[in-house]
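Chemist: Have a look at the structure that comes next, please.
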Amino acid sequence: MQQALQIQTKVDQALVDAVPALTPLLGHRVQMIALDLENSEGTRPASRVDALDWPLTDAERAVWDELPSFRAEHPVRLSSLDEPT
């Protein structure tokens with residue numbers, strides 16, 4: 001069973017000192033949710049999750065398999081918004 005803690009607070013300097021990533025929110029009221037990932041079934045801590053390890057469905061795998069040929073047929077064209085197309 002996953003344990004969670006939810007709080008509403010104002011981000012002050014002490015909180016920013018403890019969690020520097022909150023610096024842009026200094027002075028703002030926020031709602032924070034903390035999940036215990038270490039003791040949760042079927043989850044890993046976010047710092048250890050690698051997006052390249054995520055399982056893909058057959059449909060998702062097909063999209064990635066077809067991407068190189070699609071890009072060859074439909075190259076990306078980048079141009080200035082000021083120039084007529």
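Chemist: Read phi for every residue in segment 6-16 and hand back ³J(HN,Hα) as whole Hz from Karplus 6.51 cos²θ - 1.76 cosθ + 1.60, θ = phi - 60°, with x for Gly and Pro.
Modeler: 10, 9, 10, 7, 9, 6, 10, 4, 5, 5, 5
Chemist: Go through segment 63-72 residue by residue and turn each phi into a ³J(HN,Hα) via Karplus (6.51, -1.76, 1.60, θ = phi - 60°); whole Hz please, and just put x for glycine and proline.
Modeler: Whole-Hz 3J(HN,Hα) from phi for segment 63-72: 4, 5, 5, 8, 4, x, 5, 5, 5, 5.
Since every read-out is calculated from the coordinates, none of them should be taken as a lab result. All of these numbers come straight from a predicted model, not from anything done at the bench.
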